[in-house]
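So the structure is just underneath, and the comments pick up after that.
The values are calculated or read from the model by the stated rules, or taken from the named source; none is laboratory data. Just so you know, these numbers come straight off a predicted model, no measurement behind them. Cβ sites come from the backbone with ideal geometry, for glycine too, and all protein chains shown count toward neighbours.
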Amino acid sequence: MTYCPSCRVTLADTCTQCPLCGGPCVASDDPVPDFQAVRNGDPEVIRYPTVVMNADQREKLTLEEQRLVVVELLSVSIGMILILTTGIDILLSRTLTWSKYTSLILCLVWLVCAIPLLLWGKPWSVFSVLAPALPGGILLLAVFSGNLGWFLMPALPIILLVEAVVLASFVVIAREKQKGLNCVGVVLAASAVVCVGVDVIVNRFLTGSIGLQWSVIVLISLIPVTGLFFYLHYRVINKASLRKLFRL
């Protein structure tokens with residue numbers, strides 16, 4: 001009699017691998033344990049597996065496991081780069097010089113990439129971690145360079161502007177009952193606001209006056225495209241045919 005020692009099911013004598021769990025089959029003259037004893041909770045009887053899967057399914061990772069694998073690979077890669085750059089800097093300069101900047105930037109990259117994966121599904125937690133981390137990292141860069149002037153103006157205002165616009169965009173998108181092309185419109189509108197803000201801040205820093213220069217071109221380009229995405233979104237919601245709309 002051929003059977004699977006894990007699943008305790010009888011198989012054909014020609015089977016060498018269990019089709020349920022993928023484990024090896026055993027050929028023996030001993031009978032398969034009594035199934036009634038299994039149902040009665042006999043501790044000496046090997047039970048059926050709680051989840052039956054084939055060999056291919058056992059090798060697949062869940063989404064959470066995949067995210068953890070990405071974080072591990074990212075951490076190992078950045079850690080190796082940190083060790084390598086720091087070691088080279090110490091060997092060449094006998095102290096830490098340029099490697100301070102690369103190490104700080106790599107740490108910020110790890111935070112931006114890894115925190116959303118570790119806190120998946122918790123956007124407010126992600127924002128609460130990254131919001132102070134980014135200006136804090138830029139502040140350390142200013143401290144390393146020995147000049148805090150560029151951090152106070154224009155770096156810090158630009159960082160706060162970007163974070164405020166990202167937060168506002170997330171709130172607007174989260175409150176939308178039906179998400180689609182309108183999300184693209186919100187992102188484009190937020191990009192326009194950021195461009196205008198950066199233009200104003202940089203002009204204030206360089207010339208001491210508030211004015212718009214290159215951001216005007218960005219606005220002229222983004223406003224009609226943004227409006228088009230909102231228009232198409234609400235036409236789709238109203239079950240309008242895009243084929244008829246564009247005469248296709």
Original post:
If we scan region 59-69, do we find a residue that is under 22 Å from residue 116 (Cα atoms), at pLDDT 50 or above, assigned by TED's automatic domain parsing to the domain that holds residue 114 and in contact with a Ser or Thr (Cβ under 7 Å, 6 or more places away or on another chain)?
Top reply: no
Subject >> Subset of region 97-121 [surrounded by 13 or more Cβ atoms within 10 Å (Cβ to Cβ), modelled with pLDDT under 90 and out of contact with any Leu (no Cβ under 9 Å at 6 or more places or on another chain)] >> reply: 98
Original post:
Which residues, counting only those in region 161-173, are free of Cβ contacts under 8 Å to residues at least 40 places away in the same chain and touching a helix residue (DSSP H, G or I) at 6+ places or on another chain (Cβ under 8 Å)?
Top reply: 162, 163, 165, 166, 168, 169, 172, 173
Subject >> Filter result (in contact with a helix residue (DSSP H, G or I) (Cβ under 6 Å, 6 or more places away or on another chain) and more than 19 Å from residue 141 (Cβ to Cβ)) within region 91-114 >> reply: 114
**OP:** Check 88, 83 and return the single one that is among the aliphatic types (A, V, I, L, M), in contact with a helix residue (DSSP H, G or I) (Cβ under 8 Å, 6 or more places away or on another chain) and more than 30 Å from residue 21 (Cβ to Cβ).
**Re:** 88
**OP:** Filter the helices (runs of 4 or more DSSP H) completely within region 109-222 down to those with at least 1 residues that are in contact with a Ser or Thr (Cβ under 6 Å, 6 or more places away or on another chain) and either of a type in the set (Gly, Ala, Ser) or closer than 30 Å to residue 99 by Cα (or both).
**Re:** 181-207
